[in-house]
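**Student:** Here it is: the structure, laid out below.
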């Protein structure tokens, strides 16, 4: 009996050693770009210095606080997503069945993210979206829906997809909502796009997280209500309630910003946190688990609610067709598709053909941006500092030109 216990112990120890050696092997042989993902900010700074580019090392909270001291029109951004769902104002509105807007603030500026290490001031329109108000003086031809890629995250309202479409004489409205999924886009379409009845409604589906965002959205009854053909929050006629909500959630954001500023870590603490995170990832076998998960996604694929997903997209298409408009589904690839391996997002990448084929069977117009980007010799030119992130100005302009060409073909 003692021998059996002894051998079992040795086998167990050897098994543990093999597992962690495998983890070490996977990490060591990951592409350099992926290894640097554990030090994203440091890598961006290194690239900026190599390029001789300007950079701002302030945290988002400190940058907002300092810029707002001289800009009374600057306000915290708000988005209908799971991040803001944690705020007391959002939770109270859900509990009391009050109207909840999709984006804000209204007619104020917000501060962009800084994936290129430079913050920018973003202008919001009279509905709380990222547009100049003068676009509403003419007929809206194209409305963009989607998450941060549709919104043009990290760049001004003059440098996103909608802006470049306007430059090409297609008066376009950007109704993107950062951090959102398909149900939020359906809600925005029914609340706002329906008012303007554009010739084209373009939904940018992002392969990296729209499926997981939908998993959260379906837990919000208000959002699922949009699948009912006649449902609306009637947001256009509830401006006073919307302004009150946005004012209250702005106060929640100020509390968070002040707490973060007070909690800012010293540089030595930051380095310690990075080391701790790397050690934690190693002990938790992150690389090995991601590899197994991404290669066995067919066995465990619970987070893709295909029935709900296609129901949402078909509802968008039907709603757009109701006023004679054309709905276009745009498949938007992730930076990670091209420059990393063994990431949790890869299990979503494999859904591309399935999604596009099903939508085409439903006679929904589709554009696969990856077929265009795959042909590029220098994809990094379309990303901030040539590194991980959303598209840069050049990338957003590239997408707008693809959309214009495809729309022209379909006229």
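**Student:** In region 108-133, what count of residues is obtained for those that are under 16 Å from residue 175 (Cβ atoms) and part of a loop (DSSP other than H, G, I, E, B)?
**Tutor:** Residues in region 108-133 being under 16 Å from residue 175 (Cβ atoms) and part of a loop (DSSP other than H, G, I, E, B): 9 in total.
**Student:** What are the residue pairs meeting all of these: first residue in region 363-381, first residue at positive phi and assigned by TED's automatic domain parsing to the domain that holds residue 332, second residue surrounded by 12 or more Cβ atoms within 10 Å (Cβ to Cβ) and at pLDDT 95 or above, Cβ atoms under 9 Å, and 6 or more apart or on different chains?
**Tutor:** The qualifying pairs are 363/317.
**Student:** Another question, if that's okay. Do you know which residues across region 318-338 are within 16 Å of residue 195 (Cα to Cα) and part of a helix (DSSP H, G or I)?
**Tutor:** 318, 319, 320, 321
**Student:** Would you confirm whether or not region 86-95 contains a residue that is under 18 Å from the mean Cα position of the chain (by Cα) and either modelled with pLDDT of 95 or more or within 17 Å of residue 218 (Cα to Cα) (or both)?
**Tutor:** Yes: region 86-95 contains one or more residues that are under 18 Å from the mean Cα position of the chain (by Cα) and either modelled with pLDDT of 95 or more or within 17 Å of residue 218 (Cα to Cα) (or both).
**Student:** Given the condition over 18 Å from the mean Cα position of the chain (by Cα), under 26 Å from residue 372 (Cα atoms) and modelled with pLDDT of 95 or more, answer yes or no: does some residue in region 327-343 qualify?
**Tutor:** Yes, region 327-343 contains at least one residue that is over 18 Å from the mean Cα position of the chain (by Cα), under 26 Å from residue 372 (Cα atoms) and modelled with pLDDT of 95 or more.
**Student:** So, one more: Among the residues of region 137-152, what is the count of those that are in contact (Cβ under 8 Å) with a residue 24 or more places away in the chain and part of a helix (DSSP H, G or I)?
**Tutor:** Going through region 137-152 one residue at a time, the tally reaches 4.
**Student:** Still on this structure: Would region 360-367 turn up any residue that is part of a helix (DSSP H, G or I) and either surrounded by 18 or more Cβ atoms within 10 Å (Cβ to Cβ) or modelled with pLDDT under 90 (or both)?
**Tutor:** no
**Student:** May I pose another question? If residue 292 satisfies all but one of (1) surrounded by 16 or more Cβ atoms within 10 Å (Cβ to Cβ); (2) at pLDDT below 90; (3) in a helix (DSSP H, G or I), what's the number of the condition it fails?
**Tutor:** With respect to (1) surrounded by 16 or more Cβ atoms within 10 Å (Cβ to Cβ); (2) at pLDDT below 90; (3) in a helix (DSSP H, G or I), residue 292 is out only on (1).
**Student:** For region 368-388, which positions are crowded, with 20+ Cβ neighbours inside 10 Å and assigned to a loop (DSSP other than H, G, I, E, B)?
**Tutor:** Within region 368-388, 383, 387, 388 meet the criteria.
Yes or no, residue by residue, for (1) closer than 30 Å to residue 402 by Cβ; (2) touching a helix residue (DSSP H, G or I) at 6+ places or on another chain (Cβ under 8 Å):
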| site | (1), (2) |
| --- | --- |
| 164 | yes, yes |
| 171 | yes, yes |
| 188 | yes, no |
| 199 | yes, no |
| 237 | no, no |
| 240 | no, no |
| 250 | no, no |
| 254 | no, no |
| 257 | no, yes |
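**Student:** Being closer than 18 Å to residue 181 by Cα and either loosely packed, with under 13 Cβ neighbours inside 10 Å or at pLDDT 60 or above (or both) is true for just one of 311, 322. Which residue is that?
**Tutor:** 311
**Student:** Please enumerate the residues belonging to region 46-77 that are in contact with a strand residue (DSSP E or B) (Cβ under 9 Å, 6 or more places away or on another chain) and outside any loop (DSSP other than H, G, I, E, B).
**Tutor:** Those that are in contact with a strand residue (DSSP E or B) (Cβ under 9 Å, 6 or more places away or on another chain) and outside any loop (DSSP other than H, G, I, E, B): 60, 63, 64, 67, 68, 74.
The values are calculated or read from the model by the stated rules, or taken from the named source; none is laboratory data. Just so it is clear, the structure is predicted and the values come from calculations on it, not from any experiment. Neighbour counts are summed over all protein chains in view; Cβ atoms, including those assigned to glycine, are modelled from backbone coordinates with ideal geometry.
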